[in-house]
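Novice: Just passing along the structure, written as structure tokens.
The values are calculated or read from the model by the stated rules, or taken from the named source; none is laboratory data. What you see is a predicted model, and the numbers here were worked out from it, not measured in a lab. With ideal geometry, Cβ positions are generated from the backbone for all residues, glycine too; neighbour counts draw on all protein chains shown.
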Amino acid sequence: MEISAILSIIIGMVFVNNFVLSKFLGLCPFLGVSRNTKSALSMGLAVIFVMSLSGFITWLVYRFILVPLDLIYLRTIVFILVIASFVQFVEMVIRKMSPAIYRALGIYLPLITTNCAVLGVTVLNVNKFFANGKSLPGSFVLSLLQSFFAGVGFTLALILMSGIRERLDLNDVPKSLAGIPIAFIVASLMSLAFMGFNGFRF
Amino acid sequence: MEVIIPITVLGSLGLLFGLGLAVASKRFCVVVDPKLEKILTCLPGANCGVCGKPGCMAFAQSLIKGEVSLDSCRAIEEKEKEKVAETLGVKLEKKVKQVAVLRCGGGKKVKERFQYNGLQDCIAADMVLRGQKECVYGCLGFGTCAEVCPFDAISMSEEGLPVVDFEKCRACGKCVEICPKGLFALIPVTGRVILACSSHEIGRNTREVCPVGCITCRKCEKVCPVDAIHVVDNLAVIDYNKCTSCGECVKACPTNAIIKV
């Protein structure tokens with residue numbers, strides 16, 4: 001495993017292939033939870049957390065259950081099952097263990113249960129790091145890294161958006177555009193800006 | 001045969017996760033105090049924050065712990081309050097219900113000094129030369145109080161003044177806090193008289209800008225049978241401990257600044 005591979009994953013996931021702004025995954029929380037920076041940050045942290053751990057679990061499920069049994073075509077439904085029950089489980093555990101974290105992240109966890117961004121990262125992992133039914137060398141660590149930094153990219157987009165929307169609230173937006181429409185226009189402009197990172201080809 | 005393997009795998013995975021979650025929900029269940037739910041249903045649920053806690057849920061928790069007094073919640077209704085006291089096992093002192101009243105009668109009767117085109121909000125307007133109205137003590141009429149009221153008790157009249165619905169008002173004090181002119185006051189609800197003016201200007205200046213302002217003529221002071229009104233700093237102040245709501249001052253006031261609410 002070379003350092004360049006790691007670096008290309010980090011920059012690729014955070015900027016070039018940003019989940020929200022380049023792949024257009026997870027738009028629902030992107031617009032729903034970006035009203036203020038504080039909740040955007042909490043949501044982002046929750047997403048990073050869930051993405052990393054789902055990347056971990058789905059890799060194990062894929063490698064040791066789906067691949068040996070030749071059931072690769074079942075991965076979407078199995079991953080959804082895994083992620084949903086896992087998020088529910090995490091919610092129960094942190095509610096019991098740490099009320100403080102539960103208060104900060106708890107309300108966002110159910111939102112992530114069926115989030116396409118989380119499913120997206122797990123599918124991307126197995127597409128990228130498995131070839132011909134075999135895991136590539138170092139694929140476990142790399143897929144963990146990729147999941148984590150996909151979450152970081154998501155958080156970055158969410159926080160940028162929330163900062164802009166906080167300012168938008170104070171501005172005199174035409175009535176027909178106020179609220180969600182102007183948010184979509186802003187999102188598309190941000191997406192165009194992130195297209196600029198496509199110049200970074202590794 | 002080909003169908004059976006995927007079905008078994010998927011089925012057993014589902015079963016496994018389902019059982020896992022069932023076990024986890026038993027294992028990690030959080031015991032909620034039964035009192036908490038009982039109290040929470042009695043609280044107003046507006047999450048107004050007047051009690052100093054972040055929302056009704058937090059208030060109910062601190063109530064059970066005994067950190068706060070039930071009186072900190074000013075929005076709760078009397079019968080609900082009794083129920084909560086019963087659940088908590090504490091005694092309740094009787095208090096007269098209070099409501100918020102506006103101490104200004106100007107509204108559109110007061111002319112504007114300049115055209116204000118900024119943010120349609122009283123606090124913002126007040127920052128610009130103390131507002132656009134001729135009377136710098138009076139209501140600016142942008143309805144910031146109506147927006148902040150958690151119980152929807154304040155609405156803006158055609159006169160450009162907020163009107164408090166005493167049925168809905170729970171005396172939470174949000175409007176008292178937010179009004180940049182400090183025009184709201186909490187008074188006992190039972191048929192009281194108020195001075196609908198807050199101008200500390202001398203009589204002549206008040207009369208120039210507002211037809212319903214207090215002009216410090218002291219007629220109310222003289223006519224009051226129980227000595228409840230005194231003029232302090234160019235405004236008639238009513239002592240509600242003495243006032244019997246007889247209405248003599250309402251009749252006597254030449255500018256109709258004293259009104260019955």
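Novice: What is the one condition in (1) over 18 Å from the mean Cα position of the chain (by Cα); (2) at the interface with another protein chain (Cβ under 8 Å from one of its Cβ atoms); (3) surrounded by 16 or more Cβ atoms within 10 Å (Cβ to Cβ) that A:LYS96 does not satisfy?
Specialist: (3)
Novice: With the requirement that a residue be exposed (fewer than 13 other Cβ atoms within 10 Å of the Cβ) and either under 14 Å from B:LYS35 (Cβ atoms) or touching a residue at least 60 places away in the same chain (Cβ under 8 Å) (or both), what does segment B:60-76 give you?
Specialist: Residues satisfying the conditions are B:LYS65, B:GLY66.
Novice: Within segment B:1-49, track down each residue that is surrounded by 15 or more Cβ atoms within 10 Å (Cβ to Cβ), in a helix (DSSP H, G or I) and away from every other protein chain (no Cβ under 14 Å).
Specialist: B:LYS35, B:LYS38, B:ILE39, B:LEU40, B:CYS42
Novice: Related question: Being closer than 9 Å to A:THR58 by Cβ and surrounded by fewer than 20 Cβ atoms within 10 Å (Cβ to Cβ) is the filter here; which residues of segment A:120-134 pass it?
Specialist: A:VAL123
Novice: Does segment A:93-104 contain at least one residue that is assigned to a loop (DSSP other than H, G, I, E, B) and either modelled with pLDDT of 90 or more or farther than 30 Å from A:PHE194 by Cα (or both)?
Specialist: yes
Novice: Residues of segment A:66-83 being more than 15 Å from A:LYS134 (Cβ to Cβ) and either crowded, with 16+ Cβ neighbours inside 10 Å or more than 8 Å from chain B (Cβ to nearest Cβ) (or both), which ones? Show your work before the answer.
Specialist: Here is the first cut: in segment A:66-83, the ones more than 15 Å from A:LYS134 (Cβ to Cβ) are A:71, A:73-83.
Residues satisfying the conditions are A:LEU71, A:TYR73, A:LEU74, A:ARG75, A:THR76, A:VAL78, A:PHE79, A:ILE80, A:LEU81, A:VAL82, A:ILE83.
Novice: Residues of segment B:202-253 being free of Cβ contacts under 8 Å to residues at least 40 places away in the same chain, assigned to a loop (DSSP other than H, G, I, E, B) and of a type in the set (A, V, I, L, M, F, W, C), which ones?
Specialist: Passing the criteria: B:ILE202, B:CYS217, B:CYS224, B:VAL226, B:ALA228, B:CYS246, B:CYS253.
Novice: Still on this structure: If only one of B:SER155, B:SER199 is hydroxyl-bearing (Ser, Thr, Tyr) and either in contact (Cβ under 8 Å) with a residue 24 or more places away in the chain or in the same structural domain as B:GLU78 (by TED's automatic domain parsing) (or both), which one is it?
Specialist: B:SER199 is the lone residue from the list that is hydroxyl-bearing (Ser, Thr, Tyr) and either in contact (Cβ under 8 Å) with a residue 24 or more places away in the chain or in the same structural domain as B:GLU78 (by TED's automatic domain parsing) (or both).
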